[in-house]
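Take a look at the structure set out below.
What follows is calculated from the coordinates using simple rules that are stated; it is not laboratory data. Everything numeric here is computed off the predicted structure, so don't read it as measured data. Don't worry about glycine lacking a Cβ; one is built from the backbone with ideal geometry, like all the others, and counts go over all protein chains shown.
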Amino acid sequence: MTDSDAVKLDTSVPHSARVWNYWLGGKDNYQVDRQVGDDFAGFYPDITVVARQSRAFLKRAVTHLATDAGIRQFLDIGTGMPTAENTHQVAQAAAPDSRIVYVDNDPLVLVHARALLTGTREGRTEYVDASLHEPEKIIAAARGTLNFDQPVGLILMNILGHVPDLDDAVSIVRRLLAELPSGSYLVTADGTNVLDGPAFEEAIGVWNANAPLSYHLRHPDQLARFLEGLDVLEPGLVPCARWRPAEGATAEELRAVDEYGAVGRKP
């Protein structure tokens with residue numbers, strides 16, 4: 001970690017990437033993250049199910065893009081803490097020559113990513129320190145690794161909910177997609193408030209009262225705005241567990257919770 005990273009790193013307040021890591025069973029988090037994570041789960045116990053189903057959806061979506069759609073480039077914004085089955089691991093398991101650019105603006109996330117997220121010899125894995133609110137900076141930095149003359153898989157998982165204004169979030173998605181060629185894909189998922197809304201909303205209130213970066217649950221009709229202009233793959237925008245589940249999935253694995261996801265292709 002550089003001196004500048006050390007100055008920016010604040011372990012006295014929870015961070016969404018570290019709390020998410022805790023819910024996934026990871027070890028890269030602090031007491032403040034675990035405390036908020038436990039408080040959150042006290043109001044909404046299914047948050048750990050949300051986290052697991054979100055990660056499983058990401059794995060299925062990236063596998064589909066790498067194996068069936070021929071995508072060899074991925075831009076993953078809002079990387080989060082490294083756990084298991086990260087984007088580069090999934091993509092490069094299917095296509096070893098895949099190139100992945102991760103984007104985050106938490107110094108702890110970037111330090112762990114650079115230390116732990118190593119890709120295949122045939123492929124490439126790089127990291128960009130930038131905010132979701134800087135789409136032009138992200139694209140400019142990613143050009144050093146990705147060829148924007150070829151389709152890219154854009155991944156926005158549980159990050160657009162951190163943008164308070166829906167129109168602003170839609171604008172960010174549009175600006176990112178505008179730089180990607182035809183045949184690119186958007187993989188996205190975020191928390192909703194339709195199945196167990198009151199409990200989830202109360203838990204989100206706990207989060208927003210304790211963390212510097214707020215999160216905002218949205219109705220699936222609002223999440224659908226991120227997909228406008230794209231050819232949305234079947235089965236559409238659905239609870240993450242219901243998006244092309246693995247054959248033989250159990251009833252518990254298929255249980256719907258308030259995390260909706262979808263994959264769309266840019267015409």
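If you place +1 on the Cβ of every Lys and Arg, -1 on the Cβ of every Asp and Glu, and leave all else neutral, what size is the dipole of segment 177-226 about its Cα centre, to the nearest 20 Debye?
120
Once the Cα gyration tensor of the chain is found, what semi-axes does its equivalent ellipsoid get, as square roots of 5 times the eigenvalues, in whole Å, sorted largest first?
Three semi-axes, in Å: 26, 23, 18.
Given the rule -39500 (n - 2.57) for each run of at least 4 DSSP H residues, summed and divided by the residues of the chain, what is its mean residue ellipticity at 222 nm, to the nearest 500 deg cm²/dmol?
Using -39500 (n - 2.57) per qualifying helix, the result is -12000 deg cm²/dmol.
With only Lys, Arg, Asp and Glu charged, each at its Cβ (+1 for the first two, -1 for the last two), find how big the charge dipole of segment 11-265 is about the Cα centre; round to the nearest 20 debye.
So the dipole magnitude of segment 11-265 works out to roughly 700 debye.
Rounded to the nearest 5, what is the percent of antiparallel bridges among the DSSP beta bridges in the chain?
The antiparallel proportion sits near 35 percent.
Could you work out the local net charge near V163, counting Lys and Arg as +1, Asp and Glu as -1, over the other residues with Cβ closer than 14 Å to its Cβ?
-1
Place a point 7 Å from the Cα of F148 along the Cα-to-Cβ direction; which residues of segment 85-101 have their backbone N under 16 Å from it?
So the set is 101.
Taking 0.36 nm per residue of sequence separation and subtracting the Cα-Cα distance, how much length would be gained by fully extending the chain between R244 and S182, in nm to one decimal?
Fully extending the segment from R244 to S182 adds 20.0 nm.
Length gain on complete extension for the stretch L195 to A251, per 0.36 nm per residue less the alpha carbon to alpha carbon distance?
Extra length available between L195 and A251 comes to 18.5 nm.
How big is segment 56-98 by the Kirkwood estimate over distinct Cα pairs, in Å?
10.4 Å is the Kirkwood radius here.
Run the paramagnetic zone check for A41: 7 angstrom along Cα to Cβ, then residues of segment 174-214 with backbone nitrogen under 17 Å.
It comes to 200, 203-204, 206-207, nothing else.
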